[in-house]
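Here's the structure we're looking at; comments come further down.
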Amino acid sequence: MLTTMPVKLYLGAAGYCTHPERLTLRGGSIKPVPFPAGFACIIHPVHGPVLLDTGYSSRFFDETARLPNALYRHITPVVYRDEDSAVHFLKRIGLLASDIRYVILSHFHGDHIAGVRDFSEAAFIYLPRAYDAVRSLGPIAAVKAGFLAGLLPDDFVPRSLPVNSHPKRWAEVTEHAGVVAPDGFPWDEVYDIFGDGSVLGVDVSGHAEGMMGLLLRTEQHTYFLCADAVWSSRAFREQRRPHALASIIMSDRREYRRNFDKLVQLHQQFPDLRIVPSHCQEVLRSWGMGGTEL
């Protein structure tokens, strides 16, 4: 069994951006298509409500009102309404922003962190090198890296609980928490986020340095929330990498390809495992957006 205990899972999205599909899926349409800014609410049996990312918020438009940050908004057109926010989504499932104890950040692109200021009582969990990669960037380099520092609260660092920088091999997690990796699982190492084997972090860097996906299960299914390792489910099903131009925004093209291939392998070897890219319309239509527990 991949994890020790089931959690409850809700999938939502706070706004969306548009790109030509061909940029994200080789051979796709040249027409712009929407890419929802997905997030997840995980209800842990011990730690309570936890968010993975936040999607967009109105602060994104404030932060991109002037150059050089305005380049971000023009290169990546965004559609967002306040009723799309993660906070409003949580209300639909009976939660308040103050109920969120932890916000796990897969990486620090604006479409994943724009709503973090809404969660003033939460601690932030992320891989240290994800923040280290962007925290000291100058204005132009930050925009190129998709990072808008003003989206983070002033007390971000004091409220941070970075994941231990040393991942564990599956055998170590098995010994500590009773987790068993099936034969052929593509990643050799995981991060035990809460130290109980319930939510396991996986380094899926390439799109962004230190990007982390989450492996977890509900009573019904096992999920791999793979962040931006791909932009759509079609990519790994049909083995279609993004257009070469997409590599401009990647932190490491080779690492991206390695993790893309591992995701293809995961899908082929474990077809019942549900893979959840952050920006996949198909996934949200099938498994999310309605405020329904999975």
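Please treat every number below as a calculation from the coordinates, not as lab data. This one's a predicted model, so the numbers in the text were calculated from it and none came from an experiment. Every residue, glycine among them, receives a Cβ derived from its backbone with ideal geometry; neighbour counts consider all protein chains shown.
Relative to the compact-globule estimate of 2.2 N^0.38 Å, the Cα radius of gyration of the stretch 144-213 comes out at 1.35. Report summary: the helix-based calculation at 222 nm, which adds -39500 (n - 2.57) for every DSSP H run with n ≥ 4 and divides by the residues of the chain, gives -6000 deg cm²/dmol.
Qualifying trypsin sites (Lys or Arg not before Pro) in the stretch 1-90, where qualification requires a DSSP coil assignment and no more than 16 other C-beta atoms within 10 Å, comprise 26, 66, 81.
Over the stretch 181-255, what is the relative contact order in whole percent, taking alpha-carbon pairs under 8 Å and six or more residues apart?
25 percent
Listed options for Kirkwood radius over Cα pairs in Å are (1) 20.2; (2) 19.0; (3) 22.8. The value calculated from this structure is the one marked (2).
Database remark: amide H of residue 9 closer than 5 angstrom to the amide H of 43, 294 (H placed geometrically; neighbours at sequence offset of 5 or more, or on other chains; Pro and chain starts carry no H).
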